[in-house]
Every structure is written in C-alpha cells, then in structure tokens.
C-alpha cells in the first residue's frame with residue numbers, strides 16, 4: 001500500500017519550521033541578543049512598529065516601488081525579448097547591448113541613475129527597471145525562439161489577424177517563459193529596491209534597515225527584513241506559483 005504524498009503546504013511549513021529551529025539554535029549558541037536575538041524577542045518590537053504605523057508605511061513604499069519596477073521591466077523585457085527572438089536582424093544588433101547590461105553590476109546602474117537623474121523616485125524606479133530588463137529579455141527571447149512553427153503556419157493558413165495571432169498562438173506558448181521571468185524577476189527586483197532605498201531614499205524597508213544598521217540594532221533590522229520577506233513569500237506562493245502551474249497545464253507539465 002503506497003503512502004499518500006505529503007501536501008506541498010505541509011512541506012513548506014515543515015521547511016520553515018526547520019529554518020526557525022536553526023535560528024533558535026544559532027541564537028542560543030551566540031548567547032548575545034545584540035548579535036542574534038531569539039525569534040520571540042522580535043515580537044515586541046514588531047508589534048510596536050505596527051502600532052505606530054511606521055512599519056506599514058515603509059512596507060507600502062517599498063511595495064509600490066517593487067510593483068512599478070516589476071510592471072515596467074516585464075513589459076519592456078517582453079517586447080524586446082519577443083522582437084529579438086523572432087527577428088534575427090534585431091537580435092544581431094541588440095545582443096551585444098544585452099550582454100553588456102547583463103554583466104553591468106546593479107550597484108553601478110543605481111549610482112549612475114542617482115547621479116544623472118537625482119535622488120528621486122524616478123531614478124530609483126529607473127535603476128531597478130534597467131537592472132531587471134536584460135534578464136527578462138533573455139528568458140522571453142529563448143521562449144520566442146522555441147515557438148512552434150507549425151502553429152504559426154496554421155495561423156497563416158487561416159489568415160488570423162496579427163492581434164488574434166498574438167493572443168491565441170504566441171502568448172499561450174510564451175506563458176511558461178513569462179511566468180519564469182516573473183518569478184525570478186520579483187525575487188531580484190525587491191532585493192535591488194532595498195539597495196536603492198539603502199543608498200538614496202528617505203523611506204522604505206531599505207531606508208529603515210540603513211537607519212537601524214547605523215544604530216547597530218539587529219532586532220529592528222530583522223523585523224523590517226523579515227516583514228518584507230513574509231510579504232514576498234505570500235506573493236510567491238499565492239500568486240506566482242499558482243499562475244505558473246496554470247500556464248504550464250496546457251503542455252501537460
């Protein structure tokens with residue numbers, strides 16, 4: 001008699017519990033709350049930050065920047081990737097640019113955007129967007145190259161208009177690649193947003209981490225970092241993973 005498979009949610013809970021256990025053990029070994037406090041020592045500071053409205057405000061500012069950068073990076077990366085994947089001439093011209101930006105350190109782009117545009121929201125979002133567009137473009141380009149020519153021929157035989165062909169033939173085949181770009185994109189974007197806020201913004205999770213870093217307050221650094229990690233885990237598990245599973249269903253994956 002075969003055992004029933006463990007539910008994925010149960011596995012996630014057990015995995016996070018194991019990570020929490022490692023944290024408790026490490027904190028017990030260090031025996032110094034200024035280096036690594038126990039998890040329950042963060043409950044008081046966390047609740048105080050919520051009651052004061054400070055944590056929700058800075059969390060909202062960071063989420064806003066993440067959302068804007070994500071939308072822009074995915075939109076531009078989708079257009080560039082589709083063009084480079086389907087048009088060899090465009091790919092030949094833009095591939096060197098893609099290689100340059102893929103290897104350009106995120107910190108360099110952030111600093112240059114702040115120097116050229118100023119310490120404002122436009123520079124912050126532009127820096128994050130420019131850092132993510134190359135990787136989205138690369139993933140979408142590979143998806144565009146893998147499009148089934150038989151489906152394209154069928155669309156041509158039935159004389160499907162360009163927009164209908166894009167909606168019913170191209171995008172369904174690109175959906176798994178879009179989902180993969182989105183999952184990797186959101187994971188990288190929020191990390192870059194924190195660096196952007198750390199270096200040049202007056203609000204957001206990154207700014208607060210910078211503030212408490214200067215005060216050597218490890219507990220509050222962990223409070224703000226873990227609060228945003230929790231939000232991103234919810235986005236990953238409740239939105240991105242179900243979306244990826246759904247778009248792969250038609251392939252029988």
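Throughout, read-outs are computed from the coordinates displayed, never taken from laboratory work. Small disclaimer: the values here were computed from a predicted structure and weren't measured. Ideal geometry is used to build each Cβ from the backbone, glycine not excepted, and the neighbour counts take in all protein chains shown.
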For 138, 64, 10, ascending order of other Cβ atoms within 10 Å (fewest first) is 10, 64, 138
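Starting with the fewest neighbours, write out 234, 113 ranked by other beta-carbon atoms found within 10 Å of each beta-carbon.
Details: 234 10, 113 24.
Listed from fewest to most nearby Cβ atoms, that is 234, 113.
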Comparing 163, 104, 87 in a Gaussian network model of the chain (Cα, 10 Å), the one with the largest mean-square fluctuation is 163
For the chain, the longest principal axis of the Cα atoms and the Cα long axis of helix 171-200 enclose an angle in degrees, to the nearest 10, of 40 degrees
At the level of C-alpha centres, the distance separating segment 82-124 and segment 223-244, in angstrom, is 27 Å
Per GNM of the chain with C-alpha springs under 10 angstrom, the most fluctuating residue out of 28, 18, 187 is 18
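Just subtract the alpha-carbon distance of residue 41 and residue 164 from 0.36 nm times their residue separation and send over the number in nm, one decimal. Don't skip to the end; give the middle numbers.
Values: separation 123, 0.36 × 123 = 44.28 nm, distance 5.67 nm.
Additional length available on full extension: 38.6 nm.
Multiply the residue gap between residue 97 and residue 203 by 0.36 nm, knock off their C-alpha separation, and tell me the result in nm, one decimal place.
On the way: separation 106, 0.36 × 106 = 38.16 nm, distance 3.30 nm.
Using 0.36 nm per residue and subtracting the Cα-Cα distance, I get 34.9 nm.
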Mean-square fluctuation maximum in Gaussian network of the chain, Cα pairs under 10 Å, restricted to 91, 32, 217, hits 32
Of the candidate values [x] 1, 6, 10, 13, 14, 14, 12, 11, 8, 6, 3, 2, 1, 0, 0; [y] 1, 6, 14, 17, 18, 15, 11, 8, 5, 3, 1, 0, 0; [z] 1, 7, 14, 19, 21, 17, 11, 6, 3, 1, 0, the one computed for P(r) over Cα pairs in 5 Å bins from 0, in percent from this structure is [x]
Mean separation of Cα contacts under 8 Å (at least 6 apart) over the residue count of the chain, i.e. the relative contact order in percent, is 25 percent
Given a Förster distance of 25 Å, the FRET efficiency implied by the Cβ-Cβ spacing of residue 234 and residue 213, rounded to the nearest 0.05, works out to 0.45
Most exposed to least, judged by fewest other Cβ atoms within 10 Å, 191, 132 sort to 191, 132
